[in-house]
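The values are calculated or read from the model by the stated rules, or taken from the named source; none is laboratory data. Just so it is clear, the structure is predicted and the values come from calculations on it, not from any experiment. Using ideal geometry, Cβ is built from the backbone for each residue, glycine included, and neighbour counts are taken over all protein chains shown. Quick note on the areas: whole protein, heavy atoms, side chains included, nothing else; ligands and nucleic acids left out. Shrake-Rupley method; radii C 1.70, N 1.55, O 1.52, S 1.80 Å.
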Amino acid sequence: MKNRLKILRAERDWSQAELAGRLDVSRQAVNAIETGKHDPSLPLAFRMSRLFDLPIEAIFEDDANG
């Protein structure tokens, strides 16, 4: 699954550790999601959606179609 997490984080000038703290996850989890090594759980995706004030579809993109 592709995502815009790194871009959204950079736009706010947040480190991975800062984003992790805001989401109540580890920095390693943020890194794994940003690099596509791990997909977030649905509850975590909703937390990201609320944090960035964006629909989940604006953060994550299903790459199965392309």
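A few remarks follow.
- If you go through segment 37-55 and keep only what is among the hydrophobic types (A, V, I, L, M, F, W, C) and open to solvent by less than 40 Å² (accessible area, probe 1.4 Å), you end up with 44, 45, 48, 52.
- Among the residues of segment 1-48, those identified as free of Cβ contacts under 8 Å to residues at least 24 places away in the same chain and at positive phi are 13, 24.
- Options 34, 61: the member that is among the charged types (D, E, K, R), under 13 Å from residue 2 (Cβ atoms) and open to solvent by less than 90 Å² (accessible area, probe 1.4 Å): 34
- Some residue of segment 8-29 being in contact with a strand residue (DSSP E or B) (Cβ under 9 Å, 6 or more places away or on another chain) and open to solvent by less than 80 Å² (accessible area, probe 1.4 Å): no
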